[in-house]
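Asker: One structure follows; several queries about it will come next.
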Amino acid sequence: MIAHYPDDPPPRWHNPVLALGNFDGLHRGHAKIIDRVRRRAGERGGTPAAMTFDPHPPRVVRPDKAPALLMTTAQRLEALARAGMQGVAVVRFTHEMSAWDPETFVRTVLVEWLHVVEVWVGANFLFGHDRAGTFSVLRTLGARYGFRAEKIDAVRYKDFVVSSTRIRRLIAEGRVDEAGALLGHHYFIDGLVVHGDARGREIGFPTANLESANELLPPAGVYATTAAVEGIEHPSVTNIGTRPTFGAAGGLRVETHLLDGSRELYDARLRLSFVQRLRDERAFPDVDALKGQIEADCRAARRLFDRISL
C-alpha cells in the first residue's frame, strides 16, 4: 500500500518498522536496510515499510545542484514493493518542509502520522533544516517519542563505498558494468517504443527507438543491453547518440537492436538494462562501413552474453 504525506490520512499499518531514505537506485546499501527492516518487522509482528521523498529534496533546496536521478518515482515504488515493503510512504517535499527542524519532522510525520515503532537509516542519512538531523539526533528523538532508531553502516563492494552519488558518476562516465556491480542489478531505463525514420531497417538492423522519462542516460556510445518486453528479456545492442554517419541533428537518441530476431515493437513498453559499454559512437565514411561495424558490435555482444550466460 502507498500512502502520501500530507495528502492522505494516516495509513493504518500495524507497528510499522520503517526504512527511511531517498532510495534512489535501490542499490546494495539500500537492500541491506530493507532486509533488516523486513526481518525486524517479522520479529515484532509489524509492517515492513519504507519512507521516501518526492520531489528529491535537493530539487527543492538547491535545484541548481540537484543530480539527475537513477530512478523515476514509479520505478522506486515498484522496486520497494518488489523488495518486500508492504507499505511505502511518499512524503511530498516542499520549501515549507525544508525549514522544519528535525524534531518537527519526527513528531509530525513519523510519530503523529505514521506511528512508527522502529526506524532504520543508512550511514549518511541527514534530515531537517540545514541537514541538522544526524543519527544521534534521531536516536534521541526516538527515546523521547517512544520508537527505536537504528542505522546500517556504509556497505562496501570490493574497495568502494556503495552510494547513489558514486553510481550516478559511473553511469555518466559510461561505466555501466561497474555501476551495475554497486547497484546489485543492471542500470535500467523504461520507455515507450516510438517511430523513428527506419534507417536501421533499411540497412538490415531494425531498431526500437525508445522514449524514456528516466533522467540519467549513459553517454553517447554503443552498449550491450537487455531489452525486456512483456517480462521476456532479449539480448540486444543499443546505440545512444546523434547518428553522425547520417548527419542527424537533434538530441540524443536511444536505439536498440534485438539480437534474437526482429519483432514489431511500436508502442510497446520496454525496460532497457545496460550490461557493458562496447565502444564510442563515431561517424563512418559510408553505410557499408557502418554495417560492418554494427555486425562486429553484435558479435561482441553475443560473446559477452555467452560468457555471462544471459
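The values are calculated or read from the model by the stated rules, or taken from the named source; none is laboratory data. Owing to the predicted nature of the structure, the values given are computational and were not obtained by experimental measurement. All Cβ positions, even for glycine, are placed from backbone atoms using ideal geometry, and neighbour counts span all protein chains on display.
Asker: Looking at segment 23-35 only, could you name the residues that are of a type in the set (D, E, K, R) and in a helix (DSSP H, G or I)?
Answerer: Pass one, segment 23-35, residues of a type in the set (D, E, K, R): 24, 28, 32, 35.
Listed by number, the residues that qualify are Arg28, Lys32, Asp35.
Asker: Now a separate question. Taking Gly46, is it in contact with a strand residue (DSSP E or B) (Cβ under 9 Å, 6 or more places away or on another chain), at pLDDT below 95 and buried (at least 19 other Cβ atoms within 10 Å of the Cβ)?
Answerer: Working: in contact with a strand residue (DSSP E or B) (Cβ under 9 Å, 6 or more places away or on another chain): yes; at pLDDT below 95: no; buried (at least 19 other Cβ atoms within 10 Å of the Cβ): yes.
No.
Asker: Please determine, by comparing only the residues of segment 2-22 that are in contact with a Gly (Cβ under 9 Å, 6 or more places away or on another chain) and in a loop (DSSP other than H, G, I, E, B), which one is surrounded by the most Cβ atoms within 10 Å (Cβ to Cβ).
Answerer: Only one residue tops the list, namely Pro16.
Asker: Which pairs do you get when a residue that is surrounded by fewer than 20 Cβ atoms within 10 Å (Cβ to Cβ), found in segment 252-266, comes within reach of a residue that is in a loop (DSSP other than H, G, I, E, B) and among the hydrophobic types (A, V, I, L, M, F, W, C), reach meaning Cβ atoms under 8 angstrom, with the pair 6+ apart or on two chains?
Answerer: Matching pairs, first to second residue: Leu252/Leu217; Leu252/Ala220.
Asker: Something else: Check whether at least one residue in segment 231-245 is within 19 Å of the chain's Cα centre (by Cα), within 21 Å of Leu265 (Cβ to Cβ), surrounded by fewer than 16 Cβ atoms within 10 Å (Cβ to Cβ) and at pLDDT below 95, and report yes or no.
Answerer: Among the residues of segment 231-245, at least one is within 19 Å of the chain's Cα centre (by Cα), within 21 Å of Leu265 (Cβ to Cβ), surrounded by fewer than 16 Cβ atoms within 10 Å (Cβ to Cβ) and at pLDDT below 95, which makes the answer yes.
Asker: Name the one entry in Ala301, Ala296 that is farther than 27 Å from Glu211 by Cβ, hydrophobic (A, V, I, L, M, F, W, C) and either at pLDDT 85 or above or in contact with a Leu (Cβ under 6 Å, 6 or more places away or on another chain) (or both). It would help to see each step written out before you state the result.
Answerer: On the way: Ala301 fails: farther than 27 Å from Glu211 by Cβ.
It is Ala296.
Asker: Can you name the residue in segment 125-155 that is among the small types (Gly, Ala, Ser) and surrounded by fewer than 20 Cβ atoms within 10 Å (Cβ to Cβ) and, of all such residues, is nearest to Asn22 (Cα to Cα)? Talk me through it step by step, then tell me what you get.
Answerer: Here is the first cut: in segment 125-155, the ones among the small types (Gly, Ala, Ser) are 128, 132-133, 136, 142-143, 146, 149, 154.
In the following step, the residues that additionally are surrounded by fewer than 20 Cβ atoms within 10 Å (Cβ to Cβ) were identified as 132, 136, 143, 146, 154.
Working: Ala132: 17, Ser136: 19, Ala143: 24, Gly146: 24, Ala154: 15 Å.
Filtering segment 125-155 for residues that are among the small types (Gly, Ala, Ser) and surrounded by fewer than 20 Cβ atoms within 10 Å (Cβ to Cβ), the one nearest to Asn22 (Cα to Cα) comes out as Ala154.
Asker: Further question: Here is a check on your reading of the model: is Ile171 within 21 Å of the chain's Cα centre (by Cα), buried (at least 20 other Cβ atoms within 10 Å of the Cβ), β-branched (Val, Ile, Thr) and outside any helix (DSSP H, G or I)?
Answerer: On the way: within 21 Å of the chain's Cα centre (by Cα): yes; buried (at least 20 other Cβ atoms within 10 Å of the Cβ): yes; β-branched (Val, Ile, Thr): yes; outside any helix (DSSP H, G or I): no.
No.
Asker: Still on this model: Out of curiosity, is Pro218 within 17 Å of the chain's Cα centre (by Cα) and of a type outside the set (A, V, I, L, M, F, W, C)?
Answerer: Numbers: within 17 Å of the chain's Cα centre (by Cα): yes; of a type outside the set (A, V, I, L, M, F, W, C): yes.
Judged against the criteria, Pro218 is a match.
Asker: Here's a follow-up. Output the qualifying pairs, or none if there are none: Cβ atoms under 9 angstrom, residues six or more apart or on different chains, first residue in segment 1-26 and of a type in the set (Gly, Ala, Ser), second residue modelled with pLDDT under 95 and in a loop (DSSP other than H, G, I, E, B).
Answerer: Gly21/Phe125
Asker: In the list Phe125, Phe135, Phe188, which residue meets the criterion of being without any contact (Cβ under 8 Å) to a residue 40 or more places away in the chain and under 26 Å from the mean Cα position of the chain (by Cα)? Quick ask: steps written out before the conclusion?
Answerer: Numbers: Phe125 fails: without any contact (Cβ under 8 Å) to a residue 40 or more places away in the chain; Phe188 fails: without any contact (Cβ under 8 Å) to a residue 40 or more places away in the chain.
Checking each option against the conditions leaves just Phe135.
Asker: Using the structure shown, decide if Thr104 is within 24 Å of Val117 (Cβ to Cβ), at pLDDT 95 or above, surrounded by 20 or more Cβ atoms within 10 Å (Cβ to Cβ) and of a type in the set (Ser, Thr, Tyr).
Answerer: Details: within 24 Å of Val117 (Cβ to Cβ): yes; at pLDDT 95 or above: yes; surrounded by 20 or more Cβ atoms within 10 Å (Cβ to Cβ): no; of a type in the set (Ser, Thr, Tyr): yes.
The answer is no for Thr104.
Asker: Out of all the residues in segment 36-57, is one or more free of Cβ contacts under 8 Å to residues at least 12 places away in the same chain, outside any helix (DSSP H, G or I) and either small (Gly, Ala, Ser) or not assigned by TED's automatic domain parsing to the domain that holds Arg131 (or both)? Outline the logic, then answer.
Answerer: Narrowing segment 36-57 to residues free of Cβ contacts under 8 Å to residues at least 12 places away in the same chain: 39, 42-43.
Checking which are outside any helix (DSSP H, G or I) leaves us with none.
No; the residues of segment 36-57 include none that is free of Cβ contacts under 8 Å to residues at least 12 places away in the same chain, outside any helix (DSSP H, G or I) and either small (Gly, Ala, Ser) or not assigned by TED's automatic domain parsing to the domain that holds Arg131 (or both).
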